[in-house]
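The values are calculated or read from the model by the stated rules, or taken from the named source; none is laboratory data. The model shown is predicted, which means the values in this text are computed figures rather than measured ones. Cβ sites come from the backbone with ideal geometry, for glycine too, and all protein chains shown count toward neighbours. Accessible surface is based on the protein model in full, side chains and every heavy atom, while ligands, DNA and RNA are left aside. Shrake-Rupley method; radii C 1.70, N 1.55, O 1.52, S 1.80 Å.
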Amino acid sequence: KEVMVGIDIKSKSLQPHWYERYVQPCVAELLGSALFIFIGCLSVVEDAEGTGRLQPALAHGLALGLTIAILGDI
C-alpha cells in the first residue's frame, strides 16, 4: 500500500454546482442570442450594391457557427 502524506483528497459530489446547472446555461443562451441577432442586424445595415441576400446569409451562418463553437460545451 502507498501512503499519501500531506495530500487532502476531497470527495467530489456527483451533482453540479447550482451556478453550473442554472445560471451558466441562461447566460450562454443570452450571449449566444445577442451575438446572433447583433451580427445579423449589422450585416444588413450597410447593404453594398450587388451583395443581395448573400451577405446577411453568410453573416448569420458565421455568427451561428461562432456561437456554437464558443458556447456549445455549456
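Observations on the model:
- Test: Leu35 is modelled with pLDDT of 80 or more and either open to solvent by 70 Å² or more (accessible area, probe 1.4 Å) or in contact with a helix residue (DSSP H, G or I) (Cβ under 7 Å, 6 or more places away or on another chain) (or both): yes
- Residue match in the range 66-74 (condition: modelled with pLDDT of 80 or more, exposed (fewer than 11 other Cβ atoms within 10 Å of the Cβ) and outside any loop (DSSP other than H, G, I, E, B)): yes
- Subset tally (residues that are open to solvent by 80 Å² or more (accessible area, probe 1.4 Å) and of a type in the set (A, V, I, L, M, F, W, C)) for the range 21-32: 3
- Taking the criterion of being open to solvent by less than 50 Å² (accessible area, probe 1.4 Å) and in a helix (DSSP H, G or I), the residues of the range 52-65 that qualify are Pro56, Ala59, Gly61, Ala63, Gly65.
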